Amino acid sequence: MKTKITDIFFDLDHTLWDFEKNSALAFETIFANNRMDIKMADFLLHYVPMNLKYWELYSLDLITQTQLRYGRIKETFDLLRYEVDDDTIGFLSEQYIHYLPKYNHLLGGAIEILEYLKPKYRLHIITNGFAEIQNNKLNNAKISHYFKTITNSEIAGVKKPNPIIFKYALNLANTQKENSIMIGDCIDADVYGAIHFGLDAILFNEHQKIIPNNIKQIHHLLELKNHL
């Protein structure tokens, strides 16, 4: 791997950008601004898995962007038995999209590993996130300069794990499968998606979930130094 890899493709959310921390800060701001008496610990207990569920459905084209943004908040409030009408949910969803990119916490080791890799490889992003929001995240976190190209599902027309998005990203980067590797936190979208396309992959398994032995994995970003 060390001799042939020239291009590294990263996922963004949950891989470099600390989605959970930034998401919690966004909701704290929204609830405070709207004087909503909600305990963040209780809200996040339900919202975090709910958001993951909705993103999985979205990545498989089973729901729309609008359904994702509405449903994850609606179902969370339902579980909390906190009554809100549809107009309020729509407003909160818009506020969330507004505030989320304003927070810029990165996962541990993100800057250090990007500094380590950038002189040796061409770095890229492949994300299922929405173009404007993802670009704002990269710019606000001051990491956009590390990446040669940014591929998102809106410009590719499909989402990971669809092989078309990986083909689009490689064409944009002007590189080949055998010279590239994908790094991301989702075993289905990032890892299996890449592998089925013929691209090598490493799972960022921060929470040390049990995975098949044949999947390369790291538990901390700095462990990439052992692979690249």
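The values are calculated or read from the model by the stated rules, or taken from the named source; none is laboratory data. Note that the structure is a prediction, hence the values are computed from the model and not measured. Every residue, glycine as well, gets a Cβ built from its backbone with ideal geometry; the counts of neighbours run over all protein chains shown. In case anyone asks, the SASA skips ligands and DNA or RNA and just uses the protein heavy atoms, side chains included. Shrake-Rupley method; radii C 1.70, N 1.55, O 1.52, S 1.80 Å.
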Exercise for the section: Rounding to the nearest 20 debye, state how big the charge dipole of the range 133-228 is about its Cα centre with +1 on each Lys and Arg Cβ and -1 on each Asp and Glu Cβ. Expected result: 200
Exercise for the section: Between Asn34 and Gln208, with labels modelled 7 Å along Cα→Cβ, what's the label distance in nm to one decimal, could you check? Expected result: 3.8
Problem - For a label point 7 Å along the Cα-to-beta-carbon line of His46, residues of the range 52-76 with backbone N under 17 Å - result: 52-54, 69-76
Exercise for the section: Restricting to the chain, compute how many DSSP beta bridges are antiparallel as a %, nearest 5. Expected result: 5
Problem - From phi via Karplus (6.51, -1.76, 1.60), per-residue ³J(HN,Hα) for the range 151-161 in Hz, x at Gly/Pro - result: 10, 10, 5, 5, 7, 7, x, 9, 10, 4, x
Exercise for the section: Could you tell me what percent of the accessible area of the range 67-107 is made up of carbon and sulfur, with a 1.4 Å probe and every protein chain present? Expected result: 43
Practice task
Filter the trypsin sites (Lys or Arg not before Pro) in the range 67-173 to those in DSSP coil with at most 12 other Cβ atoms within 10 Å of their Cβ, and list the result.
Solution key: Arg81, Lys120, Lys142
Completion exercise
Residues whose modelled amide H sits under 5 Å from the amide H of Ile183, counting only those 5 or more places away in sequence or on another chain, are Phe9, Phe10, Asp11, Ile202
Completion exercise
Karplus-derived 3J(HN,Hα) from phi for the range 54-63 (6.51 cos²θ - 1.76 cosθ + 1.60, θ = phi - 60°), whole Hz, x at Gly and Pro, runs 5, 5, 5, 5, 5, 5, 8, 6, 8, 9
Handout entry: Cβ-derived FRET efficiency at R0 35 Å, Thr6 paired with Lys53, nearest 0.05
Key = 0.45
Fill in the blank from the handout: Summing +1 per Lys or Arg and -1 per Asp or Glu among the other residues with Cβ less than 11 Å from Trp17's Cβ gives -3
